[in-house]
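The values are calculated or read from the model by the stated rules, or taken from the named source; none is laboratory data. Owing to the predicted nature of the structure, the values given are computational and were not obtained by experimental measurement. Every residue, glycine as well, gets a Cβ built from its backbone with ideal geometry; the counts of neighbours run over all protein chains shown.
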Amino acid sequence: MYYQPTLPDGTPITLPWQLRSFFSNVLWPLQDNPTPKMKRIDNIFVGFTFFSFLLAVEAAIVFFINNLSDIFLSTEAFSNLVTYNDVILRLFNMAWQKNALKKLLKKFYAEIYVDEKENSEIHKKVQKIIGPINIYAWVYITSFLTFVIGPIIAAFLYNTRLLPHKLEFHFSLENPFVYAWIMAQLTYNGLCASLFVGGEICLLGNFVGYLCARFEMMQEELEEIDDFLISVNDSSKLAGKFLKIVDKCIARTNKLIEFAEEIQKVFSFQFFVMTAHSTLMLCVVIFQTSILDFGSAKFISYVLWMVAKVFELIILGGLGSRLITTTNNISSMFYHCNWEQIVFRSTNRKDNIILMKKINAAILIYHNQIKLNGFGFFSISLEQAASLIQGAGSYFTVLQTFS
C-alpha cells in the first residue's frame, strides 16, 4: 500500500525505524498508482487522526479559558495548546504534501543517497553524523510515555480519572468506557506526535547528510582528477579534457543545488512552524519545570520534554549549518582545483580561454550559500537555534515575575 524506496538497480531500501514510523501516522506516501480503495483507507486514517487532535485541542482551549486567573494552570494549558498547534500544522502539512515528498524521495534515492556498496566510508560517515537523531527520537518517545503511564496506572490502582495533561471536556469521564476511549485517543495523539517529530528530523538528516556528502565527494574527485590530467603527455588536449571534467562537475552541482531547493520547498512550512513555536513552547515548559516539585513524575516529564525540544533545535540547526558550510565551499572547490597548472601546461590557447571563463563563472555563480529557512523569516542554523533558546530564557524571566 505504501511507497517502498529502491536504489537505481531496483534493490529495496531498508528504512530506519524513525522513517518506518511514518506508516503509523499515515504520513508516508502511497505506492505508485494506488487503487481507489487504498486512497479511501488512507484518507479515513488521516481524517480520524485530524478529528482526534481537534477533540483534544477543543478540551485544552476550554480548560485554558476557564483557568485564566490561575497562572500555573493557564501556562500548563497554554503549553498543551502550543504543542498541539505545532504538531497539527506540521503533521497535516506533511499529509497534504505526500506526492511532493514521494518525488523528493525518488530523487534522493536515485541521485543523492550513497549506498554502502558505492562508498562504505562515506556511508558510515553520514550515519555517524545523523546518529544523534536516534537519541533525540527516543527522548521524545520517553517524554510521551511519562505523561501517559502515570494516569493509566492510577486508573487501574485507584480508579481515578487523571489525564496526561490539562483538558476539560463537555462530558463526564466517570464512565470507564468513556474514560478508556479518551485515554486511547490521547495516547494515539501522543504516539503520532512523538513518532512524527522523530521521523521528520530523521528524514531531514538523511537528505542534508547525503547531500553534503555528495558535494564533498565531488570536491575530492575534482582534486584527484587534476593531478591525473597534469601527467597527460599531449599538452594540446590537456585543457580540453579538464574542461569536460569541469562541465560534468557544474552539471552535478546544479542537480545537487536543485535538490536542496526542493527540500526547502517541501519543508519550508515545517521550518516556519517549528521555529515560530519553539521559543514559546520552551518558555512555558521551563516555567512549568521551575514550579513543580523536584523529582516528581510531572517534573521528570517536563524535563524530558524540555531536553527533547532543545535537542530538536540543536539537531535541526546543526543540519542547516552543515549545509551552509558545505555549499559555502562550492566556489572555493572550483577555485582550488589547480586550473592554473592546467592552463600553464596546456598549449591550446582557445581551450585555455574557455576553461578560465568557465572556472570564473562557476566561482561567481556558486558564491552564495544555500540556507534552509521558514518562508524566508527564520534561517535554519545553530546560531538561530541558540537565539531561540536564549529568547525562551528571556521570556521565562518575564513570566516568572508575574508568578
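What to note about this one:
- Some residue of segment 308-320 being among the basic types (Lys, Arg) and over 30 Å from Leu211 (Cα atoms): no
- Filtered by the rule that a residue be of a type outside the set (A, V, I, L, M, F, W, C) and closer than 18 Å to Leu203 by Cα, segment 243-279 gives Glu258, Glu261, Glu262, Gln264, Lys265, Ser268, Gln270, Thr275.
- Note on segment 372-385: residues that are modelled with pLDDT of 85 or more and surrounded by fewer than 17 Cβ atoms within 10 Å (Cβ to Cβ) amount to 1.
- So Phe294, is it among the hydrophobic types (A, V, I, L, M, F, W, C), outside any helix (DSSP H, G or I) and under 30 Å from Lys166 (Cα atoms): yes
- Among (1) surrounded by fewer than 18 Cβ atoms within 10 Å (Cβ to Cβ); (2) in contact (Cβ under 8 Å) with a residue 24 or more places away in the chain; (3) more than 16 Å from the chain's Cα centre (by Cα), the one test that Ala100 misses: (3)
- For Phe50: the one exception among (1) crowded, with 16+ Cβ neighbours inside 10 Å; (2) touching a helix residue (DSSP H, G or I) at 6+ places or on another chain (Cβ under 7 Å); (3) not in a loop (DSSP other than H, G, I, E, B): (1)
- Here is the figure for segment 146-172: residues that are without any contact (Cβ under 8 Å) to a residue 60 or more places away in the chain and either over 26 Å from Trp17 (Cα atoms) or surrounded by fewer than 17 Cβ atoms within 10 Å (Cβ to Cβ) (or both) total 16.
- Segment 333-353, residues that are over 19 Å from Glu220 (Cβ atoms) and β-branched (Val, Ile, Thr): Val343, Thr347, Ile353
- Pairs linking a residue in segment 186-204 that is free of Cβ contacts under 8 Å to residues at least 40 places away in the same chain and more than 15 Å from Ile135 (Cα to Cα) to a residue that is of a type outside the set (Lys, Arg) and part of a helix (DSSP H, G or I), with Cβ atoms under 7 Å and 6 or more positions apart or on different chains, are Thr187/Val148.
- Residues that are surrounded by fewer than 17 Cβ atoms within 10 Å (Cβ to Cβ), touching a residue at least 24 places away in the same chain (Cβ under 8 Å) and assigned to a helix (DSSP H, G or I) within segment 336-364 comprise Gln341, Arg345, Ile354, Ile363, Leu364, listed in sequence order.
- When segment 269-291 is filtered for residues that are surrounded by fewer than 18 Cβ atoms within 10 Å (Cβ to Cβ) and either modelled with pLDDT of 85 or more or not in a helix (DSSP H, G or I) (or both), only Phe269 remains.
- Residues in segment 57-93 that are among the charged types (D, E, K, R) and crowded, with 18+ Cβ neighbours inside 10 Å were compared, and the one that is farthest from Asn189 (Cα to Cα) is Glu76.
- Leu27 meets all of the listed conditions (1) assigned to a helix (DSSP H, G or I); (2) buried (at least 19 other Cβ atoms within 10 Å of the Cβ) but one, namely (1).
- In the set (1) surrounded by fewer than 21 Cβ atoms within 10 Å (Cβ to Cβ); (2) outside any helix (DSSP H, G or I), Ile324 fails one condition alone, (2).
- Of everything listed in (1) on the phi > 0 side of the Ramachandran plot; (2) touching a Phe, Trp or Tyr at 6+ places or on another chain (Cβ under 7 Å), the single unmet condition for Cys283 is (1).
Quick grid of which residues meet (1) in contact with a Phe, Trp or Tyr (Cβ under 8 Å, 6 or more places away or on another chain); (2) under 25 Å from Leu372 (Cβ atoms); (3) among the β-branched types (Val, Ile, Thr):
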{"residue": "Glu261", "(1), (2), (3)": "no, yes, no"}
{"residue": "Met306", "(1), (2), (3)": "no, yes, no"}
{"residue": "Thr325", "(1), (2), (3)": "no, yes, yes"}
{"residue": "Phe334", "(1), (2), (3)": "yes, yes, no"}
{"residue": "Trp339", "(1), (2), (3)": "yes, no, no"}
{"residue": "Thr347", "(1), (2), (3)": "no, no, yes"}
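- Condition check for Ile257: over 17 Å from Ala213 (Cα atoms) and either assigned to a helix (DSSP H, G or I) or touching a helix residue (DSSP H, G or I) at 6+ places or on another chain (Cβ under 8 Å) (or both): no
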